[in-house]
1. Take Ile41 and decide whether it is touching an Asp or Glu at 6+ places or on another chain (Cβ under 6 Å) and either within 30 Å of Ala81 (Cβ to Cβ) or not charged (D, E, K, R) (or both).
2. How many of the residues in segment 42-60 are at pLDDT below 90 and surrounded by 14 or more Cβ atoms within 10 Å (Cβ to Cβ)?
Amino acid sequence: MERLQRIMIGNGLLVVLASMLAGFMLMFGLLGGLEIWPGNILSIPTYGTTEGWVRAHSGGAMNGLLLMVIALALPKLNLSANMQHL
């Protein structure tokens, strides 16, 4: 059970990391690039729409957190030995 929890928490963290990267793309899309110095914006091309990046950012964060919460709740479910080996 502990091995499964570690795997699920690790996968949840990877999903949250991917959603953070989508958040950077959302920021670049909203601002039009990266401001290196006040008034100097380095244009970074983003693909897709702002709405798509919002969904990728918020959906990934919620799914990753849900996966980690489920992993932490597994010991409280009192599963039988057969169910634990699935």
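The values are calculated or read from the model by the stated rules, or taken from the named source; none is laboratory data. All figures in this text were calculated on a predicted structure; none of them were measured in a lab. Note that we place each Cβ from the backbone using ideal geometry, even for glycine, and neighbour counts take in every protein chain shown.
1. yes
2. Of the residues in segment 42-60, 2 are at pLDDT below 90 and surrounded by 14 or more Cβ atoms within 10 Å (Cβ to Cβ).
Each row is one residue, and each column tells you yes or no for (1) in contact (Cβ under 8 Å) with a residue 40 or more places away in the chain; (2) among the basic types (Lys, Arg).
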{"site": "Pro38", "(1), (2)": "no, no"}
{"site": "Ile44", "(1), (2)": "no, no"}
{"site": "Glu51", "(1), (2)": "no, no"}
{"site": "Arg55", "(1), (2)": "no, yes"}
{"site": "Met62", "(1), (2)": "no, no"}
{"site": "Leu65", "(1), (2)": "yes, no"}
{"site": "Ala73", "(1), (2)": "no, no"}
{"site": "Lys76", "(1), (2)": "no, yes"}
